[in-house]
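Structure, as structure tokens:
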């Protein structure tokens, strides 16, 4: 093994070891059985699996493999920037959050060898921009998964943040409808039942 | 939305909700910071990310997107069958473990619409058989990740199960060398240091 390939593998292991810390970032949503808060590592797995299963419902045809790769890396910046729950007050300053996430992306993707750092960063930038069909679908799936968790736990984070049906439509429904309209149609029925019974 | 597409989406959500339980299956390895045991949901994310980063080190060229999909679903059977640590005594009866996992695969993939159930099952069967280049690499990556966690935590599960350097070579080194020889070469240096210092 040359020194060069040895240094390359060492950089890749350093990145993957740093990524481990995402398992200690907690989100506002609990597991479906309500037993504890979800962490961002397992969330990233779950939304990648969601994308694999639900790709046929994308608004426009997507490359599911690219979407899955986006899902695997989409929240790595939370290692430095933390999770910002969409229903919390902190979510009201998107400019500050975006700046923190850019700095985090520089550091974390920068642990990789330069070619991979550039590839991963480009994919993450595409996800964040939410302009391509793949990214629009990825963003919608990222919003669908916590809706299901909330329905399973009896509305845990909606109750905690006092979320109205209109707020949910605005903060979640818009993104989901844009990328996966059939899924929002299916979810709306369950949401209307939950909010009407409240 | 037709009744048929509505039933299809309901089956897909049922599968994805059942998958959530993988976040409550604990493994024998701890997080890299030693704070708690890792669960199989976050492990599945981490090895998918490992595959994405390390694909260039595969013994033979692989389709990284297929390998990632394998990683996303490779441990779903643990929802019913539990995790069997490779260094524990329970790992000595592979026939019993395989039978339990087959039953689990029938039930869990069977929650999906029939076409997807067949696709996912075929991919999982391919992973288990470890005969194709994609599956051989996937199996090797699945073994690499806990080695790194153990090195980071000072050998936590090796100490707990009293694992020798020879046992590690036999149980882990063989599989890793077969699918990703350069990674085992890199790991061996760190392993020798750890075992020699013991």
ask   = Mind checking the angle between helix B:94-109 and chain B's longest principal axis? C-alpha axes, 0 to 90 degrees, to the nearest 10.
value = 30
remark   = In a Gaussian network model of chain B with springs linking alpha carbons closer than 10 Å, the residue among B:96, B:151, B:168 that fluctuates most is B:96
query = Relative to the longest principal axis of chain A, what angle (0 to 90°, nearest 10) does the C-alpha long axis of helix A:181-196 take?
reply = 50
note = Under the helix-only model (-39500 (n - 2.57) for each DSSP H run of 4 or more, divided by the residues of the protein assembly as shown), the mean residue ellipticity at 222 nm, to 500 deg cm²/dmol, is -20000 deg cm²/dmol
key: Teacher prompt: residue B:96 distances to equivalent labels in other copies, 7 Å Cα→Cβ, nm   = 5.7
query = What residue among A:186, A:117, A:105 has the largest mean-square fluctuation in a Gaussian network model of chain A, using Cα springs under 10 Å?
reply = A:186
note = So, with points 7 Å from each Cα along the Cβ direction, the residue A:103-residue A:33 label distance in nm works out to 3.9
Other copies of residue B:14: label-to-label distances in nm, shortest first, labels 7 Å along the beta-carbon direction = 4.9
ask   = Of A:17, A:103, A:185, which is the most mobile in a GNM of chain A whose springs link Cα atoms less than 10 angstrom apart?
value = A:17
query = What translational diffusion coefficient, in µm²/s and rounded to a whole number, does the Stokes-Einstein relation yield for chain A at 4 °C and a viscosity of 1.567 mPa s, taking the hydrodynamic radius as the Kirkwood radius over Cα pairs?
reply = 73
message = With the label 7 angstrom out along Cα to Cβ, how close does residue A:2 come to the same site in each of the other copies, in nm, nearest first?
response = 5.7
ask   = So what's the protein assembly as shown giving for Cα Rg divided by 2.2 N^0.38 Å, two decimals?
value = 0.98
ask   = Which value in nm describes the separation of the simple spin-label points at residue A:122 and residue B:95, placed 7 Å from the Cα toward the beta carbon?
value = 5.3
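Every read-out reported here was derived from the displayed coordinates using simple, explicitly stated rules and does not represent laboratory data. The shown structure was predicted, so the numbers you read here are calculated from the model rather than taken from an experiment. Virtual Cβ from ideal backbone geometry, glycine too; neighbours counted across all protein chains shown.
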